[in-house]
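Notes for the one structure printed next.
Rule-based calculations on the coordinates, nothing more; no lab input. Bear in mind the structure is a predicted one, so any value in this text is a computation, not a measurement. Every residue, glycine among them, receives a Cβ derived from its backbone with ideal geometry; neighbour counts consider all protein chains shown.
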Amino acid sequence: MIPLFQYTARYSSTSSAFCRKSFETLCTRPTLLSRSIGGRKRVGPPKEILLLDVMDTIVVDPFFKEMPKFFGMTFDDLMKCKSPTAWPAFERGEINQDELFRQFFNDRRNFDGPELVKTMEEAYYFVDGMECLLDQIKSSGYEMHAMSNYPIWYKLIEAKLGLSKYIQWTFVSCEGPMKGLRKPSAAAYEAAAKALDVPKERLIFVDDRAVNVEAARASGIDGIVFKDVTGLRDELFKRGLVIE
């Protein structure tokens with residue numbers, strides 16, 4: 001997830017219906033077929049496990065456009081008057097939603113918190129082409145886990161987009177094995193590897209922020225900087241993943 005004080009714009013909305021209808025168009029690549037002996041597939045080494053950032057990797061983060069618009073501000077103006085500590089604390093599960101609303105602005109001004117939540121929820125949608133790729137990766141037998149700096153609002157994403165059809169919400173900074181930890185902290189990557197109980201060599205971490213990927217590599221986990229679906233597919237292919 002890109003931190004709240006940085007902005008990257010590069011996405012367009014793709015509905016689930018269009019994604020599935022255009023599956024063959026969006027997700028095409030020659031695939032390697034499993035060799036077989038006596039009609040049985042040859043057993044190979046254990047498959048890689050993917051750790052995927054969510055915001056601005058799988059789902060577009062509405063913070064950068066929709067939140068400033070909600071408050072009637074520019075992004076830069078919002079950054080100047082927003083508390084620098086409230087959101088990270090919310091992501092770590094240290095404060096609840098009501099406390100976030102109370103602490104959100106430095107001057108503690110009031111605003112319609114529930115309406116902000118509604119605005120955010122309405123703006124969640126898949127990064128262009130990502131749902132198709134997730135579907136292919138899962139269908140090819142690879143295990144995928146979310147690894148996200150995000151608060152309890154991840155449940156709003158799940159309710160709207162149903163990411164659990166493809167990935168497991170295993171590592172979220174607000175709860176579970178990664179509670180209280182945020183990327184790029186080395187402890188976050190160690191917590192993920194420990195919880196999965198697999199060699200780090202089997203893990204591939206994907207994130208749109210280079211600093212998070214560099215931290216993963218420093219901890220012994222291979223990392224891919226996400227730019228777009230085509231680039232991610234190519235990087236996975238280079239690593240030998242057979243995505244059909």
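Quick notes
- Qualifying chymotrypsin sites (Phe, Trp or Tyr not before Pro) in region 72-134, DSSP loop, other Cβ atoms within 10 Å at most 16: Phe111
- Semi-axes of the equivalent ellipsoid for region 66-122, Cα gyration tensor, largest first, Å: 17, 14, 10
- Checking the Cα-Cα distances for Lys47/Lys227; Lys82/Lys179; Lys155/Lys227; Lys82/Lys138 against a 31 Å cut-off, the pairs over it are Lys82/Lys138.
- Computed from phi, the 3J(HN,Hα) profile of region 227-244 under the Karplus parametrisation 6.51, -1.76, 1.60 (θ = phi - 60°) reads 10, 7, 5, 4, x, 5, 4, 4, 5, 5, 4, 4, 8, x, 6, 9, 10, 9 Hz, with x in place of Gly and Pro.
- Cut-off under 5 Å, modelled amide H: who pairs with Gly223 long-range: Phe205
- Rg/Rg_globular for region 74-184, with Rg_globular taken as 2.2 N^0.38 Å and Rg from C-alpha atoms: 1.21
- Under 20 Å from the Asn106 label point (7 Å along Cα→beta-carbon), backbone N, region 80-96: 80-90
- Panel order for Thr119, Thr85, Thr57, by other beta carbons found within 10 Å of each beta carbon, from fewest to most: Thr85, Thr119, Thr57.
- Extending 7 Å from the Cα toward the beta-carbon at both Lys138 and Ala89 defines two label points whose distance is 3.6 nm.
- Relative counts (whole %) of C-alpha pair distances in region 141-244, using bins that are 10 Å wide: 14, 46, 35, 4
- Sequence-distant residues sharing a close amide H with Ser140 (under 5 Å, placed H): Glu244
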